[in-house]
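Engineer: Just passing along the structure, written as structure tokens.
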Amino acid sequence: MNNKVACVSLNFDSIGHAIGKSPMVDDPTFSIVFNRIREILDKYNIKISIFVIGKDLEDHKNSNAVKSWHNDGHEIGNHSYTHPLNFSSLSKEEIYDEIKKTDEIIFNTIGKKPVGFIAPGWNSSKKVLHSLMKLNYKYDHSLFSSPILLLGLFKLFYNYLKVRIVEKSPPKTYKLRHIFNRRDFIHMFFGRTKPFQSKKSYTISNNEPDSIKIFPIPSSYRLSYWLTLEYVFPKKITEFIFNLNTSKKNFFYILMHPADFITEEDLKNIDGTQAFERINISLDKKLQVFENRIKQLLEMGYTFKTFDQLI
Ligand SMILES: [Zn+2]
């Protein structure tokens, strides 16, 4: 059963980014949160793929943290330079610059060029694939092949209103009109659901030698699993979606965010975090949810790898 492979993708959406202060000095996501995840990973000897926002690495404490993750054997990937929520609606040049800048920053930080990418909010398009190929990327996992993402967008819309009311000002990192400013609605219904090679499309595969690998979010029957679901849906539904995507399958990945491991305590002295999601759930519970999924996958016979090991 050794051909079952699982990856972990950590989309490093930092606190600095969330409050519009990237790069933030002593950002708790870099200084505290990752160590919690690392403790579990080390226990099971698992290496993961971590996708960083380039601007965050302009603070030397943050970039030193990333260097240590790389030295520990984790993969460092590209998650754009400023994480614009309307990523696919930017111009071709802007998209290219967002990817290129972070490509250079990662190279200067760890001495190795990243080969993998994920777009902010999975908001991707042909233009993104074009830039990735130009910059010699080997894979992309920006494809969200499920309409569940629409629920996420409505949640963001709700959050926008909540932040306006609680903090009496709009969120600092996105505008209301950016939430639905996407080019990928069709992918949610017609995007491919298994890994494939492509040159310029998320719906049609192309096996030519210069194509890149696309790893869609696990979404059997268009029901996708990522760690946030554990805190949004009732347990029974999450369990059902997890099983659907993992049993009798050969490939799976858990996509997660630092917010899945942050508590109220971590943010108590940081302005602008009053309306944050998922922080009222205890740290013990959050760590347990993740560790249990890791254990389940190991029991099912999955071997953990980083995405770049699959290319
Ligand atoms: Zn992100």
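The values are calculated or read from the model by the stated rules, or taken from the named source; none is laboratory data. Given the structure is predicted, the values throughout are model-derived calculations rather than measurements. No Cβ is skipped: glycine too gets one built from the backbone with ideal geometry, and neighbour counts run over all protein chains shown.
Engineer: Out of everything in segment 9-57 that is away from the ligand (no atom under 15 Å from the Cβ) and β-branched (Val, Ile, Thr), what residue ends up being farthest from THR109 (Cα to Cα)?
Structural biologist: Filtering segment 9-57 for residues that are away from the ligand (no atom under 15 Å from the Cβ) and β-branched (Val, Ile, Thr), the one farthest from THR109 (Cα to Cα) comes out as ILE40.
Engineer: For segment 265-297, which residues satisfy the criterion of being more than 17 Å from PHE233 (Cα to Cα), of a type in the set (Asp, Glu) and modelled with pLDDT under 85?
Structural biologist: ASP271, the sole residue that qualifies.
Engineer: Right, next: Enumerate the pairs (first residue in segment 104-118 and among the aromatic types (Phe, Trp, Tyr); second residue anywhere and more than 16 Å from the ligand (Cβ to nearest atom) and part of a helix (DSSP H, G or I)) with beta-carbon separation below 6 Å, excluding pairs fewer than 6 apart on the same chain, so at least 6 apart or on different chains.
Structural biologist: PHE117/LEU132
Engineer: Take the residues in segment 130-156 that are aliphatic (A, V, I, L, M) and buried (at least 23 other Cβ atoms within 10 Å of the Cβ), then tell me which one is nearest to ASP184 (Cα to Cα).
Structural biologist: Ranking the qualifying residues of segment 130-156, first place goes to LEU143.
Engineer: What number of residues within segment 199-226 satisfy the criterion of being closer than 22 Å to PRO114 by Cβ and at pLDDT 95 or above? Full working, then the answer.
Structural biologist: The initial filter retains those residues of segment 199-226 that are closer than 22 Å to PRO114 by Cβ, namely 199-200, 202, 209-217, 226.
So of that shortlist, the ones also at pLDDT 95 or above come out as 212-217, 226.
Total satisfying the criteria: 7.
Engineer: Taking into account only those residues within segment 228-286 that are within 16 Å of the ligand (Cβ to nearest atom) and of a type in the set (Asp, Glu), which is nearest to GLY77 (Cα to Cα)?
Structural biologist: Of everything passing the filter in segment 228-286, ASP260 is nearest to GLY77 (Cα to Cα).
Engineer: Go through (1) under 21 Å from THR306 (Cα atoms); (2) surrounded by fewer than 22 Cβ atoms within 10 Å (Cβ to Cβ); (3) in contact with a Lys or Arg (Cβ under 7 Å, 6 or more places away or on another chain) and name the single condition GLY54 misses.
Structural biologist: (2)
Engineer: Here's another thing I want to ask about it. In segment 99-134, how many are part of a helix (DSSP H, G or I) and either more than 13 Å from the ligand (Cβ to nearest atom) or over 16 Å from the mean Cα position of the chain (by Cα) (or both)?
Structural biologist: Count: 20.
Here is a yes/no grid of residues against (1) in a strand (DSSP E or B); (2) surrounded by 17 or more Cβ atoms within 10 Å (Cβ to Cβ); (3) among the aromatic types (Phe, Trp, Tyr):
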position: LEU244; (1), (2), (3): no, yes, no
position: ILE254; (1), (2), (3): yes, yes, no
position: THR263; (1), (2), (3): no, yes, no
position: ILE281; (1), (2), (3): no, no, no
position: LYS286; (1), (2), (3): no, yes, no
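Engineer: Tell me, yes or no, whether segment 184-207 has at least one residue that is touching a residue at least 24 places away in the same chain (Cβ under 8 Å) and on the phi > 0 side of the Ramachandran plot.
Structural biologist: Checked segment 184-207: no residue is touching a residue at least 24 places away in the same chain (Cβ under 8 Å) and on the phi > 0 side of the Ramachandran plot.
Engineer: Go through segment 84-98 and count every residue that is outside any helix (DSSP H, G or I) and touching a Ser or Thr at 6+ places or on another chain (Cβ under 7 Å).
Structural biologist: 0
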